[in-house]
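Read-outs: derived from the displayed coordinates by stated rules, not from any lab. Keep in mind the model is a prediction, meaning the values are calculated, not measured. Note that each Cβ is placed from the backbone with ideal geometry, even for glycine, and that neighbours are counted across all protein chains shown.
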Amino acid sequence: MALALVLNSGSSSLKFQILDPEAEATAEPFAAGLVEQVGEPMGRITIKHAGEKWVEELPIPDHGVGLNRVFVMLDEHGIGPSNLDITAVGHRVVHGGLLFSQPAVITDEILEMVRDLIPLAPLHNPANIVGIEVARELLPSIPHVAVFDTGFFHSLPPAAALYAINASVAGQQGIRRYGFHGTSHEYVSQQVPALIGRDPEHTHQIVCHLGNGASISAVHNGHAIDTSMGMTPLAGIVMGTRSGDIDPGIVFHLLRSGMSVDEVDDLLNKKSGVKGISGVNDFRELRAMIQQENSDAWLAYNVYIHNLRKYIGSYMIALGRVDAITFTAGVGENDANVRADALADLEEYGIILDPERNALPNTGPRIISTPESKVKICVVPTNEELAIAKYAVALAH
Ligand code: ADP
């Protein structure tokens, strides 16, 4: 079986999956794992394969040591890269800037271009580059492919991409809307036309990727025309721990009140959003708190839903006609309450959810609107690793 290795390298972690690029989105990968606490006195490697789980605690001074150890652990169980038919390695790269509209086979030159984009994603791209470097060293004879989170939004129309700030500063600094979660928005939006029986060239759709990070996109005949994340993944709808859109004046206010840049960054990215209001970011915990009549949880939920509805409404107008609204990612696929509340009372707009279909468990792509609903409401499970694997294998040939 031809497999792909997919790597998602963070500053102190490395996630991987070995998977069949032809598998269903909901299928378990052949193997998956996580290297954590890289560079700290004690690290941990967790690998899952065929219902088993192997855990090792050891110091992991750098990503190279971590990945090497993962390969040794896999080898010990007879499923190391040398035992498998791995045809491509796909790397998730957060920022492709204006340089990359498509995934790219990694060469030294491509890697230099990814390096040039570090100023746009100072936390993410360096970690992605380290992952690419160590994997290329360990698996030099397999093609490596970079898949960019921003790629699908590369062609946003200028009216959606530009911020109304001083054009020369924006130009010098590369300030514009890049959008993120593009691999997921593209993958999900490509599945919707077949699901609702429409020609992809004539399908107007809204995709709501609601995970811990969350974003919405408007997709017109296969092309993204707007998306809620911006120059960074902090913008847009309220998220698990990120604020989403706020008055930018709040940042100046906090800085002038004595907070450091890093403290404000941490506040808005990690201590805000649903968690900032309620204390929790997991929607299962939030629901349990709402059921116990916790008023902060209720407030956080209402702020979340209000923002979500505003974005859906604005994209309905941007698209003119909407054929499908699709939910995906952890919250979007599993939380029937969020879907129902996001689209409640919109019959006037041809949006009618079927409560029974909405309540069904997350088994795969499905329509959850009533037959009369002009706008089809869908749930399509996303799988970014699978999408990256598909790209990697396709480009490697
Ligand atoms: P990310 O990739 O951004 O970390 P995911 O798409 O994995 O996020 O989504 C994770 C979130 O999905 C969790 O924080 C939780 O809020 C939500 N989630 C997962 N399962 C369920 C469920 N059964 N019901 C409600 N929410 C869920």
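For this structure, a couple of remarks:
- Distance from the alpha carbon centroid of the stretch 4-37 to that of the stretch 276-336 works out to 28 angstrom.
- Straight-distance candidates among the lysines for linking to Lys310, with alpha-carbon spacing under 29 Å and chain neighbours fewer than 8 residues away dropped: Lys270, Lys271, Lys275, Lys374, Lys376.
- Nitroxide proxy distance, nm - points 7 Å out along Cα→Cβ at Met1 and Lys53: 2.2 nm
- For the chain, the fraction of C-alpha pairs farther apart than 28 angstrom is 50 percent.
- Distance cut-off 23 Å, percentage of C-alpha pairs in the stretch 269-397 lying past it: 43 percent
- Kirkwood hydrodynamic radius of the stretch 166-222, from inverse mean 1/r over distinct Cα pairs, in Å: 13.0 Å
- Under a Gaussian network description of the chain, with springs only between Cα atoms under 10 Å, the residue in Ser168, Ser314, Ser155 that fluctuates furthest is Ser168.
- Label zone of Leu98 (point 7 Å out along Cα→Cβ, amide N under 15 Å): in the stretch 212-238 this covers 231.
- Among 289-296, 39-46, the order from most to least packed when residues are scored by Cβ within 10 Å on average: 39-46, 289-296
- The stretch 93-133 versus the stretch 339-376: alpha-carbon centroid distance in Å: 39 Å
- In a fully extended conformation the segment linking Asp247 and His77 would gain 55.9 nm over its present Cα-Cα distance, using 0.36 nm per residue.
- Counting only residues at least eight positions apart within a chain, or on another chain, the lysines with an alpha carbon under 18 Å from that of Lys53 are Lys15.
- Choice from Asp108, Asp266, Asp341 with maximal GNM fluctuation in the chain (Cα, 10 Å cutoff): Asp108
- With 0.36 nm allotted per residue and the present C-alpha distance subtracted, the Leu360-Glu22 stretch has 119.1 nm of extension available.
- Within the chain, antiparallel bridges make up roughly 65 percent of the DSSP beta bridges whose residues both belong there.
- Stretching Val169 away from Ala340 to a fully extended chain increases their span by 57.3 nm, per 0.36 nm per residue minus the current alpha-carbon distance.
- Relative counts (whole %) of C-alpha pair distances in the stretch 163-307, using bins that are 5 Å wide: 2, 9, 15, 16, 16, 16, 12, 8, 4, 1, 0, 0
- GNM flexibility winner over the chain from Gly211, Gly313, Gly273 (Cα, springs under 10 Å): Gly313
- Each 5 Å bin from zero up to the one holding the largest Cα-Cα distance in the stretch 198-273 carries the following percent of pairs: 4, 15, 21, 19, 13, 10, 8, 5, 3, 2, 1.
- Secondary-structure-derived ellipticity at 222 nm for the chain, considering helices only, amounts to -11500 deg cm²/dmol, per-run term -39500 (n - 2.57) for DSSP H runs with n ≥ 4.
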